[in-house]
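Everything below concerns the one structure shown next.
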Amino acid sequence: MKSKASALLVIVSLLATSATAFAAQPPHPAHQPNPSIERANRPVGAIPHRDWQRGDRLPAQYRDHIFRVDNWRQHGLKVPPRGHQWVGVAGDYALVASATGVIVDIVPARAH
């Protein structure tokens, strides 16, 4: 009788801990906010990139893949040299060295 009661107690405690662990799981990735939508919905204020110049280093926040322009032809941009990429910010484009983040060229809005 003692062994049946002990076995039942072990089973009940295992079920209780697994139910608690299941309830404490983090939310599914589909329910997490999308960073690109959050960036797009930020209030527009002073545009931080208007003072960028050739030779400046692109700030780290703009080196995210969300800002990378892979369809540069559709935007009227020239072929990026090997090791470079186009980055789009608020309608402007910067040609950036991928490894260092140094701005090589800037194409302002309406110029392309």
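Values quoted throughout were computed directly from the atomic coordinates according to the rules given, and no laboratory measurement underlies them. Keep in mind the model is a prediction, meaning the values are calculated, not measured. So basically every Cβ, Gly included, is an ideal-geometry build from the backbone, and we count neighbours across all protein chains shown.
Within the shell defined by Cβ-Cβ distances under 15 Å, the residues around GLN53 carry a net charge of -1, with Lys and Arg each +1 and Asp and Glu each -1.
Amide H contacts for ASP56 (H built 1.01 Å from N in the peptide plane; partners 5 or more residues away or on another chain; cut-off under 5 Å): ILE103.
Spacing of the modelled spin labels on ASN71 and GLN53, each 7 Å from Cα toward Cβ, amounts to 3.5 nm.
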